[in-house]
Amino acid sequence: MGPLVCSFCQNIDDDSFEVIAAGDHVIVVADSHPINRGHMLVLPTRHAADFASMTQAEVIEMALVAQQVDRAIRSVFSSAIGGTNVLMSNGREADQGVPHAHLHVIPRQEGDGYEFREDFSRYPLRPLTVTERGALRTEIEACDPSAPRSN
């Protein structure tokens, strides 16, 4: 069996995405299974399996383009939406459906049936230890944001 083909990369290569907007590193497409009208995806044109695999330039452009998309959604669908969710899942355990980094910009309206509320009291975790906080601080400070993590 050959290597797995990323469906997003395939759509980019085939020119089969209906690209709504494009930057130097990212494109904007309509979600093929939208939660609400106007549900958009912002994704890098280069294959990056997840957020940590993206370059600094891709992350910056993704964030700026997502803000533009959010504003456009609010303008075009102003009478139908009350807010937006901007979110990304990374990894199978986090419910990432396609192994290619992508940011959802989802218009929301009251009673739309999509629940993103969580009862965090169900997770009675203890706070991070001093050692854990220190290890995280060290890793964050040592991280070179301009270097992508290998997939």
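S89 satisfies every condition listed in (1) hydroxyl-bearing (S, T, Y); (2) surrounded by 15 or more Cβ atoms within 10 Å (Cβ to Cβ); (3) assigned to a helix (DSSP H, G or I) except (3).
Here L64 does not qualify as under 30 Å from E110 (Cβ atoms), part of a strand (DSSP E or B) and modelled with pLDDT of 95 or more.
Hey, among I12, I73, I27, which residue is within 25 Å of P145 (Cβ to Cβ) and part of a helix (DSSP H, G or I)? Unique residue meeting the criteria: I12. Scanning the range 19-33 for residues that are in contact with a strand residue (DSSP E or B) (Cβ under 8 Å, 6 or more places away or on another chain) and either among the hydroxyl-bearing types (S, T, Y) or closer than 15 Å to D70 by Cβ (or both) returns I20, A21, V26, V28, A30, D31.
The residue of the range 111-135 that is modelled with the lowest pLDDT, among those that are out of contact with any strand residue (DSSP E or B) (no Cβ under 8 Å at 6 or more places or on another chain) and surrounded by 10 or more Cβ atoms within 10 Å (Cβ to Cβ), is L128.
Scanning the range 43-62 for residues that are without any contact (Cβ under 8 Å) to a residue 60 or more places away in the chain and in contact with a Leu (Cβ under 9 Å, 6 or more places away or on another chain) yields F51, M62.
Out of A80, A49, one residue alone is buried (at least 17 other Cβ atoms within 10 Å of the Cβ) and part of a loop (DSSP other than H, G, I, E, B). It is A49. Out of the residues in the range 52-77 that are surrounded by 17 or more Cβ atoms within 10 Å (Cβ to Cβ) and of a type in the set (G, A, S), which is nearest to A30 (Cα to Cα)? Selected residue: A66. Among the residues of the range 15-33, those that are surrounded by 14 or more Cβ atoms within 10 Å (Cβ to Cβ) and in contact (Cβ under 8 Å) with a residue 24 or more places away in the chain comprise A21, G23, H25, V26, V28, D31. Looking at A101, is it out of contact with any Phe, Trp or Tyr (no Cβ under 9 Å at 6 or more places or on another chain) and surrounded by 15 or more Cβ atoms within 10 Å (Cβ to Cβ)? Taking the combined requirement at face value, the residue does not satisfy it.
The values are calculated or read from the model by the stated rules, or taken from the named source; none is laboratory data. Just so it is clear, the model here is predicted, and its values are computed rather than measured. Ideal geometry is used to build each Cβ from the backbone, glycine not excepted, and the neighbour counts take in all protein chains shown.
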